[in-house]
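The values are calculated or read from the model by the stated rules, or taken from the named source; none is laboratory data. Predicted model only: the values in this text are computed from it and were never measured. Cβ placement follows ideal geometry from the backbone for every residue including glycine, while neighbour counts extend to all protein chains displayed.
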Amino acid sequence: MKQIVAAVFLILVIISLIVVAFTIRQVDVEQKSLKIDLQYRTTLLAETLKESIEPNFLSKTGTSLQKIVDKFENKERFAGLAIYNNKGNIIAVSSSLPKDVSKTQTIAAHAMDEDKANGDFVKYQDKRMYLFAVPLRDKESVLGALMLVQNADYIDDKLIEIWRNNLVRLFVQALLLSIATLIIMRWIIFQPIVNIVDSIKMTRTGRIDDTPKRFPKYLFFQPLVNEVAKINRSLLEARLVASEEARLRLEKTDSPWTAERLKEYIKEILKGRSIYVISNREPYIHTKDGNKVKYFVPASGMVTAIEPIMEACGGMWIAHGSGDADKLVVDTNDRIQVPPDEPKYTLRRVWITPEEEKGYYYGFSNEGLWPLCHIAHTRPVFRKEDWYEYEKVNGKFAKTVLGEIKNVHRPLIFIQDYHFALLPRMIKASRPDADIGIFWHIPWPNPEAFSICPWRKEILDGILGSDLIGFHTQYHCNNFMDTVGKELESLISWEQFAITKGGHVSYVKPFPISIAFSNGSMYKVDEKTRKHEETVIRKKHDIKTKYIGLGVDRLDYTKGILERFKAVEMFLETYPFYKNQFTFVQIAAPSRSDIIRYQEFAKEVEEEVERINDKFKIKDWKPIILLKRHHSHEEIYSYYRLANVCLVTSLHDGMNLVAKEFVSARDDGKGVLIVSQFAGVSRELRDAIIVNPYNAEQVAEAIKKSLEMPQSEQKRQMKKMDQTIKSYNIYRWSAEILKTMVSFV
Ligand code: ADQ
């Protein structure tokens, strides 16, 4: 609509300019012609009068001259006349003539001096007048002058009339043209184009399109319509072929897992059952930006992992609506179709109050359970009021889920993470027919560490409402089984990895989470683009060094960011050759910044960067560049492609997807990955350099080894890690979890 208004405005401006230019010209011509006409008429009249006054001028008395003058009173457009003697004095004058028109004297004197007619336009009391004088003479000399004064106001009136008429015409034309433009653009051009785009989009996203109805009928669109119809048909055919191939591939387990294959697989095993994912963090957050609403994908490993599954399988994702514009874009049932550009599943938002968020999210989840499960030496804080909110919000989500599945037979509920430990039991209690799985994205600590939680029994009982409990590693599964054995009355089967409590069986299994990586990187670029990206990034941050190291994390104390900086410091101290040769770029997304510990941590990170940079700074080089903001995945991947070495030095991490993303970004096989032995990913990517993040010397050595590693070795390592991730990507992860969930029934 904005473009249409702009186009109409532009047209109006152009028309106005044209009309104004033409009017100026017309007025100019008209003015000249009216003036000439007036001058001509005045000259004729002057000549006539002159003939009757001139003979015997001297002998005529003032009274007889006055009589002649009076005869010309009250003539239309004629203001009056005056007769001067050769001394410049008035002998006779019309009573209607303003006496104080001073210019008359000058003009008359001039006519007498020059002995020829003289005239000029003057303004008197806001009126325009034409003064014209002719000399009166006998045979020898000039005896006086005759002055004629004409009203010339009608010329201005006429010009004003021209302006008025043209402006009215302009207004009417502009109005008609605007309406016509609006109609043409809105209904004849814009709407048909929108229809064509919608149609292509529908076909691209696999929905059937009612093509003939939507396409414009206008002749000039026909070639485009024909081509689009052909493209749509080809896309539909290609989709059918791909779907058939994927279906055939289901039997062949060695073929790669793709979104298509997962979709077909899910169709096979779910047989029409609906999937509901529940998480705290939503996959798309809508925010206000002035008058506009924007959205972004949050920095979250859980979102990175679950989003491709939902895109492939559809269903409903129920999550906390945390964006300040979230409420503006949902329908009356608090639902919105996402991804916003290409809807594939439903996002159902749940609203929680700031007080609930404080207790449930910041308090119990992130100041209690998060540090409890991560052995990163930050003490958990347990507050009764936080626990109360945690229970309340779990109850709120349970109510929402139960409402959504009310009429759904045997729904499949897939709960994410430590924010919802109580939810499985709450749902199971009302809907025993639902298959419930929970995936715990963070580590599970040993029973002693867990035993400090005042509500450990409630948490364990809540989780055991699930049919399937998933962790990233076998080690975390073992810890969970041990913890339940220590805390609850239950039957534990180490053979089947199952826990029976109150007649209900929960299976505990490892599912190492991964990323959407099948045929190539999700954000693949060609060599030219990669080079361009490198130039842009280097220029933007003034990086001139040969080597670049990279860290990508949420600003979280478990990610070992400070330890990483310490290792960079040690590396530069031990190997000063690399000063001015190596830059470490740390991309850090602000996270949970309402929690004091996180605020302190963010400050510590900044201070540490400043300290190290001050220590080593040489001219225009500094060793660490801290980019403290949320980045899109496209942006992050351009840094992955650029780095010689990527450091993942978590103090404790369930898995860590950054490590996998780095490998997936390196189509060129170059680059080295350093991984903490305390991150789940170190159990899978064994070809990375595995380090203890607390051991700065060891990490510094690993950096040196990475920068000096021959390319053939880099490629060998990358290739093996690449294969590991591809063979167990996020599609396979979800296929295995969902298959395990449904196979228990
Ligand atoms: P996280 O600790 O959030 O999740 P992690 O595995 O480290 O997850 O992945 C972080 C994700 O956020 C990555 O996709 C990364 O690209 C993105 N990210 C990082 N920095 C960013 C920035 N500055 N801007 C935007 N995005 C950024 C938890 C567990 C992990 C586990 C995941 C998945 O703690 O151990 O791997 O869940 O189960």
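Among the residues of the range 291-303, just one is more than 12 Å from the chain's Cα centre (by Cα) and away from the ligand (no atom under 12 Å from the Cβ), namely 291. Scanning the range 553-564 for residues that are closer than 15 Å to residue 646 by Cβ and either of a type outside the set (Lys, Arg) or more than 8 Å from the ligand (Cβ to nearest atom) (or both) yields 553, 560, 561, 564.
Considering only residues in the range 693-726 that are of a type in the set (S, T, N, Q) and surrounded by 14 or more Cβ atoms within 10 Å (Cβ to Cβ), the one that is nearest to the chain's Cα centre (by Cα) turns out to be 724.
Scanning the range 62-71 turns up one or more residues that are exposed (fewer than 14 other Cβ atoms within 10 Å of the Cβ) and closer than 18 Å to residue 108 by Cβ.
Selection of the range 423-445 for residues being in a loop (DSSP other than H, G, I, E, B) and within 16 Å of the ligand (Cβ to nearest atom) yields 440, 441, 442, 443, 444, 445. Looking only at residues in the range 317-338 that are charged (D, E, K, R) and more than 19 Å from residue 420 (Cβ to Cβ), the one that is surrounded by the most Cβ atoms within 10 Å (Cβ to Cβ) is 326.
Checking each residue in the range 428-439 for being out of contact with any Leu (no Cβ under 7 Å at 6 or more places or on another chain) and either buried (at least 24 other Cβ atoms within 10 Å of the Cβ) or not assigned by TED's automatic domain parsing to the domain that holds residue 366 (or both) picks out 436, 438, 439. If you go through the range 278-290 and keep only what is within 13 Å of the ligand (Cβ to nearest atom) and under 20 Å from residue 657 (Cα atoms), you end up with 279, 280, 281, 283. Residues that are in contact (Cβ under 8 Å) with a residue 40 or more places away in the chain and more than 16 Å from the ligand (Cβ to nearest atom) within the range 574-612 comprise 574, 575, 578, 579, 580, 582, 583, 594, 604, 608, 612, listed in sequence order. Residues that are surrounded by 19 or more Cβ atoms within 10 Å (Cβ to Cβ) and not hydrophobic (A, V, I, L, M, F, W, C) within the range 339-356 comprise 345, 346, 348, 349, listed in sequence order.
I need a count of the residues in the range 620-667 that are more than 29 Å from the chain's Cα centre (by Cα), within 8 Å of the ligand (Cβ to nearest atom) and assigned to a loop (DSSP other than H, G, I, E, B). Selection size over the range 620-667: 3. Of all residues in the range 479-525, those that are out of contact with any strand residue (DSSP E or B) (no Cβ under 6 Å at 6 or more places or on another chain), among the β-branched types (Val, Ile, Thr) and either within 16 Å of the ligand (Cβ to nearest atom) or in a strand (DSSP E or B) (or both) total 2.
Looking across the range 147-169, just one residue is farther than 18 Å from residue 24 by Cβ and among the aromatic types (Phe, Trp, Tyr), and that is 154.
Does the range 728-744 contain any residue that is among the polar types (S, T, N, Q) and at pLDDT 95 or above? Checking the range 728-744: not a single residue is among the polar types (S, T, N, Q) and at pLDDT 95 or above. Between 558, 545, the distinction of being touching a His at 6+ places or on another chain (Cβ under 7 Å) and crowded, with 17+ Cβ neighbours inside 10 Å belongs to 558 only. Cβ separations smaller than 8 Å between residues 6+ apart or across chains give the following pairs from the range 255-266 residues that are under 13 Å from residue 739 (Cα atoms) to residues that are among the β-branched types (Val, Ile, Thr) and surrounded by 24 or more Cβ atoms within 10 Å (Cβ to Cβ): 262/309.
Taking the criterion of being away from the ligand (no atom under 16 Å from the Cβ) and not in a loop (DSSP other than H, G, I, E, B), the residues of the range 526-544 that qualify are 527, 528, 529, 530, 531, 532, 533, 534, 535, 536, 538, 539. If I filter the range 363-376 for residues that are modelled with pLDDT under 95 and more than 19 Å from residue 284 (Cβ to Cβ), do I get at least one hit? Checked the range 363-376: at least one residue is modelled with pLDDT under 95 and more than 19 Å from residue 284 (Cβ to Cβ).
Counting only helices (runs of 4 or more DSSP H) that fall entirely inside the range 294-393 and contain at least 2 residues that are under 24 Å from residue 552 (Cα atoms), the qualifying elements are 301-313, 370-373. Hey, any hits in the range 448-455 for a residue that's over 26 Å from residue 393 (Cα atoms) and either modelled with pLDDT of 95 or more or in contact with an Asp or Glu (Cβ under 7 Å, 6 or more places away or on another chain) (or both)? Scanning the range 448-455, I find at least one residue that is over 26 Å from residue 393 (Cα atoms) and either modelled with pLDDT of 95 or more or in contact with an Asp or Glu (Cβ under 7 Å, 6 or more places away or on another chain) (or both), so the answer is yes.
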